[in-house]
Amino acid sequence: MRAILGIDTSCYTTSCALVTPEGELIASSRRLLTVQEGGRGLMQSQGLFQHVKNLPQMLENVRGEAPEAEICAVCASVRPRPVEESYMPVFRAGESQARAAATLLRVPFYPVSHQEGHVRAAMLDSGIDESTPFLALHLSGGTTELLLCNAGQLTLLGGSLDLHAGQLVDRTGVRLKMPFPAGPELEKLAMKGKAQALIGVSVKGVNCNLAGAENKIVRWLEEGKMPPEQIAAEVFDFLSRTIIRMIEAAQEQTGVHHALLAGGVASSALLKRMLLERAKKRGLHCRLCFAHPELSGDNAVGVALLGAEAYRREG
C-alpha cells in the first residue's frame, strides 16, 4: 500500500499523518508541546527544540499503525500562511526532517502552509461543498482570520486586528489557574455559567477587535465580584456573537452561502452550539460547517491530504 506522509510542527503541536494517494486516512499521531505551569505560551526556540525531540516518536507511531505502507511522497507545512512573508522558526523542524526523508526515500517533497493544512483537514467529512467557493474561519491561538476558499486557493478577507480568539480563551483560563492551553477547561467551566452578553462586540465589516474583551475580563477578575463560571461563559458568548457578525459581513461581500470553521477554538462543542443558535436567531443565510474535533485542532492530516492531491496532479 502506497502512502503520503504529512508532517506539521506548529506553535503547540507536533503531528504526523499517513494517507493513501486517493486521500484515505491511514494513521495520525500528534503531541502537544509542554508549556510551563502558569505560562501563556512558548518561545519559538523552545517549540522548535520540542519538535525535534517529538518527531521521531510521532513518525514511529504512524509507521506502527501502517507497517506495510510504502511512502511515495512527503508533505510538510513550512510556514504559517500561504504568503511569501509568512514565517515562523518552528516550521523548520518539520520541513527539515520531511525534506531529508524525501531525499533518502527518493520521493517527491511538497511544501504547504499550516493554514492550508488546517482548512483541508477541517473539510474532511464536514459537509462543506468543495465545488463552490466558501468561507473559512481559522480560529486558533495564533490566527483569527476570515478567508475565501475557491478551488483550493485561500484569499484573506479579514480577521482580528489585535488579539486572537485562542489567546483570549487561553489568557482567561490561565488567569483562572487553568493549564495551558486552557480551552477544554474553560469550556467545562463555561457550561456551568450563564452569559448575559456583557462584553460588547467590536466588528467593522469583516474585521474585529478582541483586546477590549480581555481588558474587561481582567477588570472582572481583579474586582472578584463575578463568578468564574459566568466569566467563562461570557468569553464564549462574546466569540460567538463576534464570529456571526463577521460571517454576515463576509457573506454580503462575497455572496457565498457556506462557512467552514477550523482551528483549535472551533473544536469547542459549546461554541458550536452557540454559533448554531445565534445563526438561527439572526436568520443567517449561510450554512455553518464544522470539522470533527480531532481534525479541528493542529494536526498533520490536512497536510498529508494536500500532499496526496499534489501527488495525484503529477500523476
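The values are calculated or read from the model by the stated rules, or taken from the named source; none is laboratory data. Please read these numbers as outputs of a predicted model, since none were measured by experiment. Note: ideal-geometry Cβ built from the backbone for every residue, glycine included; neighbour counts use all protein chains shown. Just so you know, the surface numbers come from the protein's heavy atoms only, side chains and all, with ligands and any DNA or RNA stripped out. Shrake-Rupley method; radii C 1.70, N 1.55, O 1.52, S 1.80 Å.
Observations on the model:
- In the range 119-129, the residues that are farther than 19 Å from Tyr311 by Cα and either touching a Gly at 6+ places or on another chain (Cβ under 6 Å) or of a type in the set (S, T, N, Q) (or both): Ser126
- Some residue of the range 134-142 being of a type outside the set (Gly, Ala, Ser), modelled with pLDDT of 95 or more and surrounded by fewer than 22 Cβ atoms within 10 Å (Cβ to Cβ): no
- Answer from Ser86, Ser45 - the residue that is in a helix (DSSP H, G or I) and farther than 20 Å from Leu18 by Cα: Ser45
- Residue pairs whose Cβ atoms lie under 7 Å apart, sitting 6 or more positions apart in sequence or on different chains, and linking a residue in the range 10-37 that is more than 15 Å from Glu70 (Cα to Cα) to a partner that is open to solvent by 10 Å² or more (accessible area, probe 1.4 Å) and aromatic (Phe, Trp, Tyr), are Leu32/Tyr12; Leu33/Tyr12; Val35/Phe180.
- Looking only at the range 131-151, and only at residues there that are out of contact with any helix residue (DSSP H, G or I) (no Cβ under 6 Å at 6 or more places or on another chain) and β-branched (Val, Ile, Thr), the one that is nearest to Ala165 (Cα to Cα): Thr143
- Matching option when the condition is more than 18 Å from the chain's Cα centre (by Cα) and in contact (Cβ under 8 Å) with a residue 60 or more places away in the chain, among Val206, Val218, Val169: Val206
- Taking the criterion of being more than 12 Å from the chain's Cα centre (by Cα), among the small types (Gly, Ala, Ser), more than 18 Å from Arg2 (Cβ to Cβ) and assigned to a helix (DSSP H, G or I), the residues of the range 95-129 that qualify are Ser96, Ala100.
- Qualifying residue in the range 260-271 (condition: in contact with an Asp or Glu (Cβ under 6 Å, 6 or more places away or on another chain) and modelled with pLDDT of 95 or more): yes
- Given (1) within 17 Å of the chain's Cα centre (by Cα); (2) over 27 Å from Val169 (Cβ atoms), index of the condition Pro67 fails: (1)
- Taking each residue of the range 266-281 that is touching a residue at least 12 places away in the same chain (Cβ under 8 Å) and open to solvent by 30 Å² or more (accessible area, probe 1.4 Å) and looking for partners that are of a type outside the set (A, V, I, L, M) and in a helix (DSSP H, G or I) with beta-carbon atoms closer than 7 Å, six or more apart or interchain, yields Ser267/Pro293; Ser267/Ser296; Met274/Phe236; Met274/Asp237; Met274/Ser240; Arg278/Ser240; Arg278/Arg241.
- Pairs with Cβ under 6 Å, 6+ apart, first in the range 295-315 and charged (D, E, K, R), second modelled with pLDDT of 95 or more and crowded, with 24+ Cβ neighbours inside 10 Å: Asp298/Ser10
- Scanning the range 247-264 for residues being open to solvent by 30 Å² or more (accessible area, probe 1.4 Å) and either among the hydrophobic types (A, V, I, L, M, F, W, C) or not in a helix (DSSP H, G or I) (or both) gives a total of 3.
- Count - residues of the range 254-290 that are of a type in the set (Ser, Thr, Tyr) and farther than 19 Å from Ser131 by Cα: 2
- Residue within the range 166-175 that is assigned to a helix (DSSP H, G or I), modelled with pLDDT of 95 or more and of a type in the set (Ser, Thr, Tyr) present: yes
- Within the range 265-315, the residues that satisfy the criterion of being more than 21 Å from the chain's Cα centre (by Cα), small (Gly, Ala, Ser) and assigned to a helix (DSSP H, G or I) are Ala279, Ala310.
- Residue, nearest to the chain's Cα centre (by Cα), within the range 1-31, restricted to residues that are modelled with pLDDT of 95 or more and farther than 16 Å from Val303 by Cβ: Glu22
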